[in-house]
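The values are calculated or read from the model by the stated rules, or taken from the named source; none is laboratory data. Because the structure is a prediction, the values reported are computed rather than measured. When we count neighbours, we look across all protein chains shown, and the Cβ atoms used for this are built from the backbone with ideal geometry, even at glycine. Accessible surface areas use protein heavy atoms only, side chains included; no ligands, DNA or RNA. Shrake-Rupley method; radii C 1.70, N 1.55, O 1.52, S 1.80 Å.
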Amino acid sequence: MVVAANPLAVQAGYAVLKEGGNAVDAAIAAQLVLNLVEPQSSGIGGGGFLLYWDNKAKRLTSYDGRETAPAAADGSLFRGADGSPMEWKEALVGGRSVGVPGLLKMLELAHREHGKLLWGRLFSDAADLAEKGFVVSPRLSSLVESRFNPGLGYYDATWSYFFPEGKPIVAGNVLKNRPFAETLRRIAILGADAFYKGDIALDVVRTVNGALGNPGHMAPSDISGYHAQKRDPVCVPYRKYKVCGMGPPSSGGVAVGQALSILAHFDLVSTKPLSAEAVHLVTQAEQLAFADRNSYLADPDFVAVPVKGLLDENYLNGRALLMGADRRIEEATAGFPPHSAAFAPGTSPELPSTSHISIVDADGNAISMTSSIEMAFGSALMVRGFLLNNQLTDFSFTELADGRPVANRVAGGKRPRSSMSPTMVFDGEGNLKLVIGSPGGSHIINYVIETIIAVLDWGMGIQEAISLPRYGNCNGVTYLEKDTEAERLASLLEKLGHKVAVTDLNSGLHGIMVTGRELKGGADPRREGMVLGE
């Protein structure tokens, strides 16, 4: 079964499975098509995180393909001429925000260790589609027409592709991307080094450093020196299950694990889904998790991240005492987990333009992969048919707060913190039960928490859980999804002391539930994804 954000990507991944490929093979094929058909969300100009479940070996492996800052980057990266932090919108567009892309190196590493089909085969569907053309989806068309990213008209390559003849691309029309087809065919033959060394890398460097108005400082050695990494998965017990996610530099696995561990102290099973009582409890646990996230989570190669301390049972028991059905946390503060250094809270905006793929193959191997170029259309810079990310804006724009260092501050070679939360859930016997993940910026963490609760505590099927109205709290306002049943909770939650905002919560959850030998999939109705399997 394959679940992803666009039918063409799902069909490409599924075709690979039917040819005898495994979950890793299918994920690569699907991802490359996603790069083409929803370029605003993810692609080879960005990065991602991947969980792989080897069903025969009963082993979970996690891969880190997060972007890195160029070696020349330091604390002044996002300071203006007067030395004060830039506005986020000032930093977004152009070369300053571009990190060294990591997606291809991550996919190549996973394929080298687990893939079955030839690397080149996995590029053919995307390359053929790019050359022959694909039908523009309503979502892509609307995002272009609305100028969701203010930089879409700044640079010639991006303008000419998304605004041919000076008009935005139209849903239903066929769009070709021959430069991307050529890029894919080269990488298919030569491997990821064709991207990281040679003319493609030089074009990336020239584009980043030559971006008018907001140039970056990237060197060819930044790209050629990039390495994807294997990280230890983060796993926590929840009820009779084990929930596993991605460790730092993603904050997803720790934050999801913390919130669920705190909620294990409360009887959610007896609450009703989408009741004020349930939303009150869940959002308070999310607040506590986000308070710790903002202080402690960062690239573990640069900062001593106290993962064990943050998930320590005694520590979380104490955190759970701070909340309850009869009281309200105004704004949570970070705790003092065991073996932690004193970091100051640091925040950075993460906007909801990312993509998630969930796959289970015929042998029970599974992939949960979330990938991104950050904001829709990333930095608005386009090279050889693909967009470059703006992921460096996920760093804190300040180095110090209250005289203490910020863990997620900028440094050369460092990976910015992420909220991407590819997740797998296992039953008490160690069997895979759930594969889940979502786009959504910082709200990704909340979407995944709430979907897991819907499945494990309320016994919902995966599609029902994914379709639920969304809500969440990133340690401030409690958000309720606009034009859904969640809106009716506003006055009830306000009486409990919540500051409430009704807004669009555009999740893109894609999941698979494993029940014995049966697979059930769910695709988020808020996006254009689908489920394909048997």
> Using the per-residue mean of other Cβ atoms lying within 10 Å as a proxy for protection, in what order, highest first, do the peptides 1-14, 290-303 fall?
Replying inline: 1-14, 290-303
> Ignoring ligands, DNA and RNA, how do Thr333, Thr484, Thr354 rank by accessible area with a 1.4 Å probe, largest first?
Replying inline: Thr333, Thr484, Thr354
> In whole Å, what is the distance between the alpha-carbon centres of the range 6-70 and the range 193-248?
Replying inline: 15 Å
> Considering only Ile367, Val236, Val24, whose Cα is most displaced toward the positive end of the charge dipole of the chain, charges sitting on Cβ of Lys, Arg (+1) and Asp, Glu (-1)?
Replying inline: Val24
>> How high is the relative contact order of the range 230-324? Use alpha-carbon pairs under 8 Å, at least six apart in sequence, and give a whole percent.
In response: 29 percent
> Could you give the distance between the Cα centres of the range 154-176 and the range 477-534, to the whole Å?
Replying inline: 32 Å
>> What is the percent carbon and sulfur in the accessible area of the range 462-534, measuring with a 1.4 Å probe over the protein chains and ignoring ligands?
In response: 48 percent
> What does the accessible area of Thr515 come to, in Å² to the nearest 10, when a probe of 1.4 Å is used?
Replying inline: 70 Å²
> How much of the accessible area of the range 1-117, in percent, comes from carbon and sulfur atoms when a 1.4 Å probe is used?
Replying inline: 49 percent
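Suppose only helical runs count, i.e. DSSP H with n ≥ 4. What mean residue ellipticity at 222 nm does that imply for the chain under -39500 (n - 2.57) per run, divided by all residues and rounded to the nearest 500 deg cm²/dmol? Intermediate results must be reported in sequence, preceding the final value.
Values: 18 runs with 174 residues, N = 534.
When only DSSP H runs of four or more count, the value is -9500 deg cm²/dmol.
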> When we measure straight from the Cα of Lys272, which lysines land under 24 angstrom away, once same-chain ones fewer than 8 places off are left out?
Replying inline: Lys240, Lys242, Lys433, Lys482, Lys495, Lys499, Lys520
>> For the chain, give me every cysteine whose Cβ has no other Cys Cβ within less than 4.7 Å, ordered by residue number.
In response: Cys474
> Going by the alpha-carbon gyration tensor, a ≥ b ≥ c the square roots of its eigenvalues, is the range 238-336 rounded (a/c under 1.5) or, if a/c is not under 1.5, prolate (a/b greater than b/c) versus oblate?
Replying inline: prolate
> What net charge is computed for the residues neighbouring Gln287, neighbours being all others with C-beta under 13 Å from the C-beta of Gln287, Lys and Arg scored +1, Asp and Glu -1?
Replying inline: +1
> When the solvent-accessible surface of protein heavy atoms is calculated with a 1.4 angstrom probe, in what order do Trp53, Trp159 fall, highest first?
Replying inline: Trp159, Trp53
>> Tell me the per residue accessible area of the chain using a 1.4 Å probe; a whole number in Å² is fine.
In response: 35 Å²
> Round to a whole number: what % of the accessible area of the range 238-304 belongs to carbon and sulfur, probe 1.4 Å?
Replying inline: 54 percent
> Taking the alpha-carbon centroid of each part, what is the distance from the range 249-295 to the range 391-411 in angstrom?
Replying inline: 25 Å
